[in-house]
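The values are calculated or read from the model by the stated rules, or taken from the named source; none is laboratory data. These numbers come from a predicted model, not from an experiment. Quick reminder, even Gly has a Cβ in these numbers, built from the backbone with ideal geometry, and neighbours come from all protein chains shown. With ligands, DNA and RNA removed, areas are computed over all heavy atoms of the protein, side chains included. Shrake-Rupley method; radii C 1.70, N 1.55, O 1.52, S 1.80 Å.
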Amino acid sequence: HFATTGSTEQTACREGSFANGTRNDACELCPEGYYQDQPAAAACVRCAAGKFCPVGSSRELDAQCEAGTYARLTDRSGDPECLDCPAGSSCGGGAAPPSECSPGSFAATAGLSECASCAGGTYQGESNATSCLPCVEGSYCAEGASAPLPCVAGSYSTATNLTAAGECTDASPGHFATTGSTQQTACAKGSYTNETRQGECTPCPGGTYQDKGGKTECKACLQGHYCAVGAA
């Protein structure tokens with residue numbers, strides 16, 4: 001509070017000012033970097049990190065940092081200190097704090113306003129990343145992938161840069177490939193497949209057989225012999 005000469009009563013300091021002793025004839029404005037949102041205060045409050053408080057502030061104001069930077073502290077002048085956004089994060093500016101890049105994206109250097117999506121053929125499963133990883137064998141990675149996706153049944157791959165399922169190699173006739181395969185597998189004896197892109201082989205039907213692997217057809221059972229389903 002304060003009281004001017006000849007006062008009959010004391011007066012409360014208004015918001016944005018203070019008086020910290022007795023017998024005050026005036027209130028002082030809060031200095032830069034401080035504020036006070038209550039009347040009759042004996043002190044001002046330090047401006048929070050990332051906020052701006054000019055002289056006589058009755059509230060905290062949002063900082064106005066440029067994109068690619070963020071406000072960490074308020075310095076002695078009352079202005080926020082705008083720092084470069086750390087690698088692995090993006091900073092939209094203003095008073096916004098750094099935002100970690102989400103899985104499937106990255107920020108390779110400091111001072112970026114946006115995270116970049118992982119390119120096709122790469123992925124990133126973690127947050128706050130500064131780079132992406134090569135895709136893995138038996139899989140493909142579309143743009144922005146947070147995890148490799150397996151080649152579908154009937155296809156395979158040993159490459160680590162595929163971007164779509166259609167880039168996986170089709171299994172050839174006489175062979176099959178299960179989901180996520182890195183190579184095709186020859187059909188076992190007693191089975192066959194005469195088409196490409198098969199996830200499994202077909203057992204030889206009754207009355208036929210196949211005594212070799214990797215074949216596209218079965219043989220007729222020999223005269224005088226019996227051949228059950230899947231006979232080898």
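Worth a mention:
- Taken together, S113, S155, S131, S172 contain a single residue that is among the small types (G, A, S) and under 12 Å from the mean Cα position of the chain (by Cα), which is S131.
- The residue that is nearest to the chain's Cα centre (by Cα), among those in segment 207-232 that are among the small types (G, A, S) and assigned to a loop (DSSP other than H, G, I, E, B), is G214.
- If only residues of segment 186-200 that are among the hydrophobic types (A, V, I, L, M, F, W, C) and open to solvent by 30 Å² or more (accessible area, probe 1.4 Å) are counted, the one that is farthest from A171 (Cα to Cα) is A188.
- Subset tally (residues that are surrounded by fewer than 19 Cβ atoms within 10 Å (Cβ to Cβ) and in contact (Cβ under 8 Å) with a residue 40 or more places away in the chain) for segment 215-229: 1
- Cβ-Cβ under 8 Å pairs, at least 6 apart or on other chains, segment 178-199 side on the phi > 0 side of the Ramachandran plot, far side open to solvent by 50 Å² or more (accessible area, probe 1.4 Å): G180/P150; G190/P203; G190/A232; R197/D170
- Cβ pairs under 7 Å, 6+ apart, first in segment 82-106 and over 23 Å from E60 (Cβ atoms) and assigned to a strand (DSSP E or B), second open to solvent by 50 Å² or more (accessible area, probe 1.4 Å) and among the acidic types (D, E): S89/E100; S90/E114
- Across segment 129-146, the qualifying residues are those that are of a type in the set (A, V, I, L, M, F, W, C) and in contact (Cβ under 8 Å) with a residue 40 or more places away in the chain, and the one among them that is surrounded by the most Cβ atoms within 10 Å (Cβ to Cβ) is A145.
- Among the candidates C85, C101, C47, residue that is buried (at least 17 other Cβ atoms within 10 Å of the Cβ) and at pLDDT below 95: C47
- Single match in Y123, Y156 (criterion: aromatic (F, W, Y) and under 30 Å from P86 (Cα atoms)): Y123
- Any hit, segment 9-24, residues being of a type outside the set (S, T, N, Q), surrounded by fewer than 17 Cβ atoms within 10 Å (Cβ to Cβ) and either under 30 Å from F106 (Cβ atoms) or at pLDDT 95 or above (or both): no
- Test: residue in segment 162-173 that is open to solvent by 60 Å² or more (accessible area, probe 1.4 Å) and within 30 Å of Y34 (Cα to Cα): no
Each row is one residue, and each column tells you yes or no for (1) within 30 Å of P148 (Cβ to Cβ); (2) at pLDDT 95 or above; (3) surrounded by fewer than 17 Cβ atoms within 10 Å (Cβ to Cβ).
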{"residue": "L61", "(1), (2), (3)": "no, no, yes"}
{"residue": "C65", "(1), (2), (3)": "no, no, no"}
{"residue": "L112", "(1), (2), (3)": "yes, yes, no"}
{"residue": "T122", "(1), (2), (3)": "yes, yes, no"}
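- Single unsatisfied condition, P54 versus (1) modelled with pLDDT under 85; (2) in a loop (DSSP other than H, G, I, E, B); (3) within 30 Å of T130 (Cα to Cα): (3)
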